Amino acid sequence: MTVNTVPFFVCFAISVLIYYAVPKRFRWMVLLGVSLLFYHLMGVDNFIYVIITTVTLVVSTGRMQRIDDRLSRELKETDGLTREEKKQRKARAKTLKRRWLVLGVLFVNLGILLVLKYGDFFIFNFNRIFQLLGLNTVNQLGFMAPLGMSYYTLQSIGYALEVYKGKVKAERNPFKVLLFVTYYPQMTQGPIGRYPDLAPQLFRGHEFSYHNLSYGCQRILWGLFKKVIIADRMKPLVTTIFDGYADASGFTLFMGCVYMALQIYADFSGYTDIVLGMSQIYGIRMSENFERPYFANSLSEFWRRWHMSLSSWFRDYVFYPVSISHAASKLGKWGKKVFGSYMGKMFPVLLALATVWFCTGFWHDASWRYIFWGLGNGGIIALSFILQPQFDKMKNAVHIRDDAWWWRGFTILRTFFIVAILKVFPGAASTQQSLGIIRQMLFHFQPAFSMDTLFPGMETYELLYIAFGLLVLFCVSLLQIKMPVRDRLAKLPFVVRWCVYFLLLAFILGLGAFDSDMVGGFEYAQF
């Protein structure tokens, strides 16, 4: 049961009634019970992994907190310590905390994810090496990572790192930690919550608010609009093009990449709208995950606007630590000697970018095509950093202003097409197929504008529905630049406002692509 089905919304409505019916101090327990029920109804029986994650979090963060508390008492109670002695005690405490972090969180939780999600990938590639060397191969593990593990593992690691750094105090109630790990709206696709922002809201009971109910329902309707009118209607078009890549022209395959870029955005941002709306009805404000990414002027800006919770997680917990690490410092000094001062400064950044984008691609899927996709993004961003001074000189030479409307339009389209072309890797079924599609686009482009070339397998009425949905999405995105559309709606007369709501609901029910299970699942749930 996915978060866009009728049974799910019935359960959600019942949970809201129960949530506000019980006393405030017990409301977090309602959220925990609903989250565990949702996890079970999703068809997932691997509670053992969630329990292991929770137990290791409670134990390891609890030990790190005790070490901090003991150090704080010692420094207060012992006035005769020299500065050097205090420094030594702090260093010893940090070493002990690091051991608990590595053993209790990184080794166990990240280790489970690596085995379940990536174990067969490693074995498959090692077997190919063994075959070349004439050695015996190893059997595949056959494991499958439970739904949502990639998300709640990163969220748990982020919490542990915040405790390790002393930015938050460890939660001692294991059931509250379990709620933070399993909070059901974000369980399968995020956003990846930060403990200081999300946890206090989960644990604190909220008063009922008509404003939250109204705004939450609006957000849910908007998410369903993007999902069932745009994403679900575009998915057959994308599937037809990529499945028939061997007989398609390079131009049709290029258009398939463009369609997939639009379809994935409508699907993923639609999910985010739904779960953020649900959370707001509970009184909980989750972090935004999208900020009009297709209005970005560069690929790096695009990734600051797309899947923002994941991008910021890798920025804070991977990019910054790698860029200031001892290895990055040594690389920078070597680069300065060999390539000069500018490249010497760039080398730590490039090392951090390569690490982040390898991890980002690998996080999405245990396959080489996603690794290539990640490194492709990282490579383009790195190249733009390196060549930025030359680009600036060229723009100044021909008097191009960054705020010129035509230049902003060009950079937005350029960024969109870069993002779209890179969809050749996630769109293909295998690395070999993605390379075949690239060859087709490079050597057999053959532009043509017939219906069979542009929209294979699609009926005219379906294209009209999709065009309508995309037009509405584009107009709303433009309006959002100045003021949130929900705030604009709030200023309308009551009757007009509710006419808009019912009209949106009518479009969803009348034009949406529904099947026997109400609607299909979401694309990013597979990650």
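The values are calculated or read from the model by the stated rules, or taken from the named source; none is laboratory data. What you see is a predicted model; the values in this text were computed from it and never measured. A quick note on method: Cβ atoms are made from the backbone with ideal geometry, for glycine too, and the neighbour counts reach across all protein chains shown. Each accessible area value is taken on the protein alone, full model and side chains, heavy atoms only, with ligands, DNA and RNA left out. Shrake-Rupley method; radii C 1.70, N 1.55, O 1.52, S 1.80 Å.
How long is the gain from ILE421 to VAL495 if the chain were fully straight, where each residue apart is worth 0.36 nm and the alpha carbon distance is subtracted?
Taking ILE421 through VAL495 to full extension adds about 22.1 nm, to one decimal.
Quick one: Kirkwood hydrodynamic radius for region 210-274, alpha-carbon pairs, angstrom, one decimal?
12.8 Å
Lys and Arg at +1, Asp and Glu at -1: add these up for the other residues within a Cβ distance under 11 Å of TYR259 and post the number.
+3
Between HIS326 and ALA429, how many nm apart are label points set 7 Å from Cα along the C-beta direction?
Using points 7 Å along Cα→Cβ, the separation is 4.9 nm.
To the nearest 0.05, how large is the calculated FRET efficiency for MET343 and ARG285 if R₀ is 30 Å and r is the Cβ-Cβ distance?
0.10
Would you tell me the accessible area of THR239, worked out with a 1.4 angstrom probe on the heavy atoms of the protein chains, in Å² to the nearest 10?
60 Å²
Identify the residues of region 232-255 with backbone N under 14 Å of a label point that sits 7 angstrom from the Cα of THR460 along the Cα-to-Cβ direction, or state none.
It comes to no residues whatsoever.
Ranking request for peptides 121-127, 468-474: highest mean number of other beta-carbon atoms within 10 Å first, then the rest in descending order.
On the way: 121-127: 14.4, 468-474: 16.0.
With the highest mean Cβ count within 10 Å placed first, the list reads 468-474, 121-127.
Rule-of-thumb check for region 119-189: C-alpha Rg over 2.2 N^0.38 Å?
The reported ratio for this selection is 1.69.
At 1.4 Å probe size, with no ligands or nucleic acids counted, give the accessible surface of ARG486 in Å², nearest ten.
Looks like 60 Å² after rounding.
I want to check the label-to-label distance for ILE481 and LEU106. Put each point 7 Å from Cα in the C-beta direction and report it in nm to one decimal.
Distance between label points: 4.4 nm.
No solvent, one uniform scatterer per C-alpha: report log10 I(q)/I(0) for region 62-155 via the Debye equation at q = 0.16, 0.17, 0.19 1/Å, two decimals.
Values returned for q = 0.16, 0.17, 0.19 Å⁻¹ are -0.78, -0.82, -0.91.
Are there any trypsin sites (Lys or Arg not before Pro) in region 341-414 that are in a DSSP loop and have at most 16 other Cβ atoms within 10 Å? List them by number.
ARG401
For LYS90 and TRP334 in one chain, what is 0.36 nm times their gap in residues minus the Cα-Cα distance, to one decimal in nm? Display every interim value, and only then the final one.
Values: separation 244, 0.36 × 244 = 87.84 nm, distance 3.23 nm.
Extra length from LYS90 to TRP334 when fully extended: 84.6 nm.
Report the equivalent ellipsoid semi-axes for region 2-102 in whole Å, largest first, defined as the square roots of five times the eigenvalues of the gyration tensor built from alpha carbon atoms.
After diagonalising the Cα gyration tensor, the semi-axes are 45, 18, 9 Å.
Taking R0 as 35 Å, what FRET efficiency do you get between HIS206 and PHE143 from their Cβ-Cβ distance, rounded to the nearest 0.05?
0.35
Report, please, the projected area of the chain averaged over directions, based on the convex hull of its C-alpha atoms, in nm².
Across all orientations, the chain yields a mean hull projection of 31.8 nm².
Return the sequence-ordered ³J(HN,Hα) values of region 300-312 in whole Hz as given by the Karplus equation 6.51 cos²θ - 1.76 cosθ + 1.60 applied to θ = phi - 60°, using x for Gly and Pro.
Coupling constants for region 300-312: 5, 5, 4, 6, 7, 10, 10, 6, 4, 5, 6, 4, 5 Hz.
Take every Cα pair under 8 Å in the chain that's 6+ residues apart, average their separations, divide by the length, and report that relative contact order as a whole percent.
Reported as a whole number, the value is 19 percent.
If you average the sequence gap of Cα pairs under 8 Å that are 6 or more apart and divide by the length of region 101-221, what percent do you get for the contact order?
Dividing the mean separation by the residue count of region 101-221 yields 24 percent.
What percentage of the solvent-accessible surface of region 365-503, computed with a 1.4 Å probe over protein heavy atoms, is contributed by carbon and sulfur atoms?
Here it works out to 70 percent.
With point charges of +1 on the Cβ of Lys and Arg and -1 on the Cβ of Asp and Glu, referenced to the Cα centre of the chain, which listed residue (ASN173, ASN139, ILE229) lies farthest in the positive direction of the dipole?
About the Cα centre, the residue reaching furthest to the positive side is ASN173.
For region 291-407, what mean projected area does the convex hull of the alpha carbons give, in nm²?
Its average projected convex-hull area is 8.9 nm².
Of the heavy-atom accessible surface of region 213-343 (probe 1.4 angstrom), what whole percent is carbon and sulfur?
On the way: 2810 of 4630 Å².
Answer for region 213-343: carbon and sulfur cover 61 percent of the accessible area.
Please calculate the 1.4 Å probe accessible area of HIS307, with all protein chains present, and give it to the nearest 10 Å².
For HIS307, solvent-accessible area is about 0 Å².
Rounded to the nearest 0.05, what FRET efficiency do ARG99 and LEU36 have when you use their Cβ-Cβ distance and R0 = 25 Å?
With R0 = 25 Å, the Cβ-Cβ based efficiency is 0.20.
Calculate, for the chain, the solvent-accessible area per residue in square angstrom, rolling a 1.4 angstrom probe over the heavy atoms of the protein chains.
On a per-residue basis, the chain sits at 50 Å².
For region 1-134, which whole-number percentage of the solvent-accessible area (1.4 Å probe, protein heavy atoms only) is attributable to carbon and sulfur atoms?
Ligands and nucleic acids excluded, carbon and sulfur give 65 percent.
Taking the alpha-carbon distance from LYS235 and a cut-off under 26 Å, which lysines remain once sequence neighbours fewer than 8 residues away in the same chain are dropped?
LYS117, LYS226, LYS227, LYS423
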